[in-house]
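The values are calculated or read from the model by the stated rules, or taken from the named source; none is laboratory data. The structure displayed is predicted, hence computed values, not measured ones. With ideal geometry, Cβ positions are generated from the backbone for all residues, glycine too; neighbour counts draw on all protein chains shown.
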Amino acid sequence: MMNQYRTHYSKDVKKKDYNQSIKVAGWVEDIRNIGSIAFIILRDKKGTLQITILKKQNPDLFKKLVSIPRESVISVRGLCKENTQVRNGYEILPDQVEVLSYAATPLPLGVVDKVEAELDTRLDNRFIDLRKQDKQAIFKIRNIILAAAHEYLRSQGFIEVHTPKIIASSSEGGTNVFRIQYFEKEAFLAQSPQLYKQTLMATGLDRVYEITWYFRAEEHNTRRHLNESTAIDIEMAFIKNEEEIMKILERLVYNMCKKAEEKCRKELDILNKQILIPKIPIPRITYDEVIQKLQEKNSGIQWGEDLGTEDERLLGEIMRENNEHFYFITRYPLETKPFYTMPCKNKYSRSFDLAYNGIEIASGGQRIHDVRLLEERIRRCGLDPKDFDTYLKTFRYGMPPHGGFGFGIERFLMQLLDINNIRECILFPRDRTRLKP
Ligand code: ATP
Ligand code: MG
C-alpha cells in the first residue's frame, strides 16, 4: 500500500525503519506548539503517530506545520527516530511537508473532544464523526460479522442472490410501505426479499441467501427502527419443519459472535465491550410459555397479542435472571404473523423470533407451499390474491416445502455491542426525519 504520499502507516513502523527516511500521510489531529518545539499528532487508517519539529532546526517548516488547520490532510517525509517516551516508540522528524487538503475552520464537529456532541450533530456531520476510532470500530466489527455470515452460509450450501427492490406489490402486507412512482404505474420499495426468495424455492436452487435492504415506512421514531435497514435473509427448501431453520440461524449467530471475538480484539478494546457467545442450542420457548411468564410478572398482555416493546424488555429481564441472553420464541398465534406463515394446529404457526437481551433480532418460519391455502390466508389477512398473481403463479407448478428467516444486521450489532441507538450501527441512517446526509 505504498505510494508517493505514504510508505508506512502509523502502526506498521518497525525497528528496522528507525533512522530511515519514511513517508506518512493522514489527518492533522492535534498540534501542540510550545514555542521552541511543536508536536503534531497525525492520524491515519491504523492509528496515530507523532511528528516532532524543533523551531531552530527549520524555522520555515516549523511555521508551516504549526499553522496548518486541524483535520487538514498532509503527507510528511522525515527521519523516523526511536523515542521510548512517545506512545508508538518512535517519532518523525520532518524535512518535507505537503498539504494535500486544507480543512476549513471552525470544524462542524470535533474529532477528539472530551465531551461527545449530540447524536443529531454527529449524524449531520457523519463524515467527521466516522473519523473517531470508536465509531469506526462498529463498522469494522460489522464487516467481520458479515464476512462470517457469508462464510458460514456458503459452507452450508447457500448461494448468494440479489432480488429486486422496486416491486409491484408489498412484500409483507401491512401499511408500512414506501410507494414510488414507476413511470405510469405505482410501485413499492421492498420491505424484504420475502416474495422473491420464496419464488427461488420453485427453481431448485434450494438454499439461497441475500444481504439486503429493507425499506419500511415505520412511522415512529424509536431507538431500534430505521426506515432503511439491512438484513441477512435466507430461504431453504425441502425442510420438514421450522426446527431446521432455527438450527441454521443459531449456528449463524454463533459463528458471527465467534469471529467477532477472534478478529476484533482491538475494536472491542476501543469500545470496551466483550462479546457474548451463545450456547448452542439456544433455548426455545413457546409463545404460550412467554405469555404465562409475562402475566406472572403482571404484564397486561393477552393471548393473541404481539409482544410490545415493554413485553419484549420484560421477557429479556426474566430470561437474563436465568442467564439466558439469546432465546427463540416459537409457535406464535397465526393471526400475529404474515399471510405466508405456515399454520400449525389451527390457531398456531410454524414461526419463530430470535431475541437477544429483550429485543427481536430475527423472525422466521416455515412458509405455506400449498397455493390454495396460501390464497385463503391472503384473503384472511384482508389482502387481495389478485395483487399477488405473479407470486402465486410460482406455487402452481411444483413448489417444495420451504422456510427461512430475516435477520436484522443493525439490530444484532446494537445488541451485540450494547449500543443504545440503532442509528449508530448504520453509516447514514434514514429515520422519520432524517433523509440527509
Ligand atoms: P419489529 O417488530 O421489531 O418492528 P418486525 O417483526 O416488523 O420487527 P421482521 O419483518 O420480522 O420485523 O424483520 C426481520 C428482522 O429485520 C427483525 O427481526 C429486525 O431484526 C429487522 N428489522 C425489521 N424492521 C426493521 C427496522 N425498521 N429497522 C431495523 N431493523 C428492522
Ligand atoms: Mg419480526
Are there any pairs with C-beta distances below 7 angstrom linking a residue in the range 296-314 that is touching a residue at least 24 places away in the same chain (Cβ under 8 Å) to a residue that is of a type in the set (S, T, N, Q) and more than 16 Å from ligand 2 (Cβ to nearest atom), with the two at least 6 apart or on different chains, and if so which? LEU314/SER299
More than 13 Å from ligand 1 (Cβ to nearest atom) and not in a loop (DSSP other than H, G, I, E, B) - does that describe any residue in the range 409-425? no
Write out, first by first residue and then by second, each pair whose Cβ atoms fall under 6 Å of each other, whose residues are 6+ apart or on separate chains, and whose first residue, in the range 200-225, is assigned by TED's automatic domain parsing to the domain that holds ARG411 while the second is among the small types (Gly, Ala, Ser) and modelled with pLDDT of 95 or more. MET201/ALA237; ASP206/ALA237; ARG207/GLY157; THR212/ALA231; TYR214/SER192; TYR214/SER229; TYR214/ALA231
If GLU267 passes every condition in (1) closer than 21 Å to ILE141 by Cβ; (2) touching a Lys or Arg at 6+ places or on another chain (Cβ under 9 Å); (3) outside any helix (DSSP H, G or I) but one, which one does it miss? (3)
Does the range 383-405 hold any residues that are in a helix (DSSP H, G or I) and either free of Cβ contacts under 8 Å to residues at least 60 places away in the same chain or in contact with a strand residue (DSSP E or B) (Cβ under 8 Å, 6 or more places away or on another chain) (or both), and which are they? PRO385, LYS386, ASP389, LEU392, LYS393
I'd like to know if the range 374-381 contains one or more residues that are under 16 Å from ARG284 (Cα atoms) and surrounded by fewer than 22 Cβ atoms within 10 Å (Cβ to Cβ). no
So how many residues does the range 101-126 have that are outside any loop (DSSP other than H, G, I, E, B) and of a type outside the set (A, V, I, L, M)? 6
What is the one condition in (1) assigned to a loop (DSSP other than H, G, I, E, B); (2) within 16 Å of ligand 2 (Cβ to nearest atom); (3) within 16 Å of ARG430 (Cα to Cα) that THR175 does not satisfy? (3)
Among (1) over 10 Å from the mean Cα position of the chain (by Cα); (2) crowded, with 16+ Cβ neighbours inside 10 Å; (3) closer than 25 Å to ASN125 by Cα; (4) not aliphatic (A, V, I, L, M), which single condition is GLU424 missing? (1)
In the range 214-236, which residue that is within 11 Å of ligand 1 (Cβ to nearest atom) and assigned to a strand (DSSP E or B) is surrounded by the fewest Cβ atoms within 10 Å (Cβ to Cβ)? GLU228
Conditions (1) at pLDDT 95 or above; (2) over 27 Å from ASP418 (Cα atoms); (3) surrounded by fewer than 24 Cβ atoms within 10 Å (Cβ to Cβ): number failed by PRO338: (1)
Picked from the range 387-413 (must be more than 16 Å from ligand 2 (Cβ to nearest atom) and hydrophobic (A, V, I, L, M, F, W, C)), the residue modelled with the lowest pLDDT is PHE388
If you take the residues in the range 343-382 that are part of a loop (DSSP other than H, G, I, E, B) and closer than 18 Å to ARG396 by Cβ, which one is nearest to ligand 1 (Cβ to nearest atom)? ILE368
State all residues of the range 321-333 that are within 15 Å of ligand 1 (Cβ to nearest atom) and either of a type in the set (Phe, Trp, Tyr) or without any contact (Cβ under 8 Å) to a residue 40 or more places away in the chain (or both); if no residue qualifies, say none. PHE326, TYR327, PHE328, TYR332
Among the residues listed as GLU151, GLU98, the single one being in contact (Cβ under 8 Å) with a residue 24 or more places away in the chain, assigned to a helix (DSSP H, G or I), among the charged types (D, E, K, R) and on the phi < 0 side of the Ramachandran plot: GLU151
Can you confirm whether the range 283-292 contains a residue that is closer than 27 Å to MET399 by Cα, in contact with a strand residue (DSSP E or B) (Cβ under 6 Å, 6 or more places away or on another chain), within 16 Å of ligand 2 (Cβ to nearest atom) and modelled with pLDDT of 95 or more? no
